[in-house]
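Just below is one structure, and these are the notes that go with it.
The values are calculated or read from the model by the stated rules, or taken from the named source; none is laboratory data. Since this is a predicted model, take the numbers as computed values, not measurements. Cβ placement follows ideal geometry from the backbone for every residue including glycine, while neighbour counts extend to all protein chains displayed. Just so you know, the surface numbers come from the protein's heavy atoms only, side chains and all, with ligands and any DNA or RNA stripped out. Shrake-Rupley method; radii C 1.70, N 1.55, O 1.52, S 1.80 Å.
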Amino acid sequence: MSPSTKKIIVADDEPDIRKMVCECLAEVGYVTAEARDGAEVLKLLAKEHYDLVVLDIFMPVNGLQALEGIKANHPATKVVILSAITQYSANFNDAVIGQNAEAFVPKPPKLDFFLDTIGAVLEGREPPPNPDQKN
């Protein structure tokens, strides 16, 4: 399936980040929609199918609450967490994956790593390891 047939919601409470991420995804052929918070994500998913949600954690109706709702009501929708968590660690990554997110990408994202992660998750492959991850 080509990127143009894949639909992605980008959820972040910072408009500049939403716009930048949507533009990057659109440039490689994905169809995108924006959400300001987790509640908006759930409203969009209730209206139509999206293949993936790029989800910030720290926003109104935070990402982990939204992740719970996504997986409970839209289990086929994949989730990549995009967060500026300052203490990125393997433990945090494991906790996020334990919450049923498919991958974690730290902000600011390195474009190649971010796009490789999105592609892998959408194709059902193991996401690439974060080159900056501390063990």
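Things worth noting here:
- Those residues of region 70-93 which are part of a helix (DSSP H, G or I), at pLDDT 80 or above and farther than 21 Å from LYS6 by Cβ, in sequence order: ALA72
- Within region 94-135, considering residues that are open to solvent by less than 30 Å² (accessible area, probe 1.4 Å) and polar (S, T, N, Q), the one modelled with the lowest pLDDT: ASN130
- Within region 54-63, being aliphatic (A, V, I, L, M), open to solvent by 10 Å² or more (accessible area, probe 1.4 Å) and in contact (Cβ under 8 Å) with a residue 40 or more places away in the chain holds for one residue alone: MET59.
- The listed residue being more than 11 Å from the chain's Cα centre (by Cα), assigned to a helix (DSSP H, G or I) and closer than 24 Å to ASP116 by Cβ, out of ALA33, ALA26, ALA39, ALA46: ALA26
- Applying the condition of being open to solvent by less than 20 Å² (accessible area, probe 1.4 Å) and in contact with a strand residue (DSSP E or B) (Cβ under 7 Å, 6 or more places away or on another chain) to region 34-53 and asking which residue is farthest from LEU82 (Cα to Cα) yields TYR50.
- The set of residues from region 43-69 being over 23 Å from PRO109 (Cβ atoms) and either modelled with pLDDT of 95 or more or among the acidic types (Asp, Glu) (or both) comprises LYS43, ALA46, LYS47, GLU48, HIS49, GLU68.
- Among the residues of region 1-23, those identified as in a loop (DSSP other than H, G, I, E, B) and in contact with a helix residue (DSSP H, G or I) (Cβ under 9 Å, 6 or more places away or on another chain) are MET1, LYS6, ASP12.
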